[in-house]
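Report on one structure; see the data block that follows.
The values are calculated or read from the model by the stated rules, or taken from the named source; none is laboratory data. As the structure is a computational prediction, the values presented were derived from the model and not from experiment. Using ideal geometry, Cβ is built from the backbone for each residue, glycine included, and neighbour counts are taken over all protein chains shown.
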Amino acid sequence: MTDAADTRPLRILHVFRAPLGGLFRHVLDVARGQVARGHDVGIFCDSNTGGQRADEVFRELSGQLALGVTRVPMSRYPSVTDAKAQLSAATLRRRLAPDVVHCHGSKGGVYGRFPALLSPGRRYATAYTPHGGSFNYKPGSREHRVYMTVERLLEGATDMFLFESRFIAGRFEAHIGHAPRTDHRVVLNGVSDAEFEPIDHAQTQFDLLYLGELRSAKGVDTLIDALELLRRRDGLKPRLLIVGSGPDEAELRQMTHERGIADQCVFEPPSPIRKALAQAHVMVIPSRAESLPYVILEAAAAAQPLISTDVGGIAEIYGARHRDRLIRADDPQILAGAIRTMLETPESARLAQAVDLAAHVRQNFCLDAMVDGVISAYRDAMTARGMA
């Protein structure tokens, strides 16, 4: 018989910085799943990022989140705004009295866990999902060492580590020097059944698609260099659609002109992934660093032919059967060769390969399993704190 404490609705506050990218997608999926299971959920995040897309999502969620959406200015890097944001977070936490504060990303981890470090007798549990964050930021640099020092400090304020990939769990152990001393587990990102509907490519206008943030870690410059190689060396001019935004957008646009391939490239602002996938035959992910990227999960589920680098947890998505298709990062020549081979492969063979990967993803990356795994971890953390 299930104890009532194991089923009672929880009050859950998700704390993170930017409503962008895979981290935002993860929070939304978990939050919606928690609401559907009868829990009271709230969000605390940055007001300066996310743009129109985030505004639309939060408007849509406004009637579903019992604890509301609170947005205040936050800085990506350490800043004087941190103190104001921290104060806002503390005020909100006192008012909402959550059972669980779930921190996402390195900045969310600071906002949600630093006050807990000073409150050992608190009546809420803290959960932390790094999403790569500081663990992927310039390993070996002075900044990285500072961030790891902060992570070590905050470990004692963390009741539950929820790693979304085995890769990041390994990064923690490698950079902190030990596995988490508090409760921890890997709960893989998941996708819904609806996302396995194949993409209709009847209106496809582009050969290649990149979708994601426009910043150095994503390797878009490598993709541009690869296209220049294909044009100069092989006389090939595949058309590329670049969907996204970020700090390097102007530099990347200029780079397409400098490399003489601007006529092949079209930039578009962020849009729903399935709309973007329908516009290109092949998606390319040239990243230098990742955790467990949703863009790969979503494209793979939709049976979109893919070219990707072997970084972060991407190999976990591909599995042993498909991992040999991944390529080395930060190498335009290898990427150019992979693009040429993919475009020369008959469409039927490309799609068969993509359908096989989709079947693997369906079997191993389930949205309901992710949501239930997270809630189960909360309850274990609450029991350990004597809150059950």
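So the check is Cβ under 6 Å with 6+ separation or different chains; which pairs have a first residue in region 18-45 that's without any contact (Cβ under 8 Å) to a residue 40 or more places away in the chain and a second one that's among the polar types (S, T, N, Q) and in a loop (DSSP other than H, G, I, E, B)? These pairs meet every condition: VAL35/GLN64. Among the residues of region 160-178 satisfying the criterion of being under 22 Å from the mean Cα position of the chain (by Cα) and part of a loop (DSSP other than H, G, I, E, B), which is surrounded by the most Cβ atoms within 10 Å (Cβ to Cβ)? The qualifying residue surrounded by the most Cβ atoms within 10 Å (Cβ to Cβ) is GLU164. Contact annotation: residue pairs with Cβ atoms under 9 Å, 6 or more positions apart or on different chains, pairing a residue in region 96-114 that is at positive phi with a partner that is part of a strand (DSSP E or B) and surrounded by fewer than 24 Cβ atoms within 10 Å (Cβ to Cβ), are ALA97/ARG11. Scanning region 127-150 for residues that are within 17 Å of PHE167 (Cα to Cα) and of a type in the set (A, V, I, L, M) turns up just one, MET148. Restricting attention to helices (runs of 4 or more DSSP H) lying wholly within region 257-351, give those where 2 or more residues are under 24 Å from the mean Cα position of the chain (by Cα). Output list reads 273-277, 294-301, 314-322. Residue selection: ALA54 fails the criterion of being touching a strand residue (DSSP E or B) at 6+ places or on another chain (Cβ under 6 Å) and either touching a residue at least 60 places away in the same chain (Cβ under 8 Å) or outside the structural domain of SER245 (by TED's automatic domain parsing) (or both). For region 115-148, the candidate set comprises residues that are over 17 Å from THR182 (Cα atoms) and among the polar types (S, T, N, Q); within that set, the residue that is surrounded by the fewest Cβ atoms within 10 Å (Cβ to Cβ) is SER141. Identify all residues within region 70-113 that are surrounded by fewer than 18 Cβ atoms within 10 Å (Cβ to Cβ) and either touching a strand residue (DSSP E or B) at 6+ places or on another chain (Cβ under 6 Å) or in a helix (DSSP H, G or I) (or both); write none if there are none. Passing the criteria: THR81, ASP82, ALA83, LYS84, GLN86, LEU87, SER88, ALA90, THR91, ARG94, ARG95.
Look at region 249-274: where a residue is acidic (Asp, Glu) and a partner is assigned to a strand (DSSP E or B), sitting 6+ places away or on another chain with Cβ atoms under 8 Å, you get GLU249/PHE267; GLU268/LEU241; GLU268/ILE242; GLU268/VAL243. Contact annotation: residue pairs with Cβ atoms under 6 Å, 6 or more positions apart or on different chains, pairing a residue in region 289-310 that is surrounded by fewer than 24 Cβ atoms within 10 Å (Cβ to Cβ) and at pLDDT below 95 with a partner that is among the hydrophobic types (A, V, I, L, M, F, W, C) and not in a loop (DSSP other than H, G, I, E, B), are ALA289/ALA217.
Please find, among THR204, THR158, the residue that is hydroxyl-bearing (Ser, Thr, Tyr) and more than 30 Å from LEU236 (Cα to Cα). Sole residue among the options that is hydroxyl-bearing (Ser, Thr, Tyr) and more than 30 Å from LEU236 (Cα to Cα): THR158. Taken as a whole, region 231-242 holds no residue that is in contact (Cβ under 8 Å) with a residue 60 or more places away in the chain, out of contact with any strand residue (DSSP E or B) (no Cβ under 7 Å at 6 or more places or on another chain) and under 22 Å from LEU28 (Cβ atoms). Taken together, the residues in region 26-35 that are surrounded by fewer than 20 Cβ atoms within 10 Å (Cβ to Cβ) and not acidic (Asp, Glu) amount to 3.
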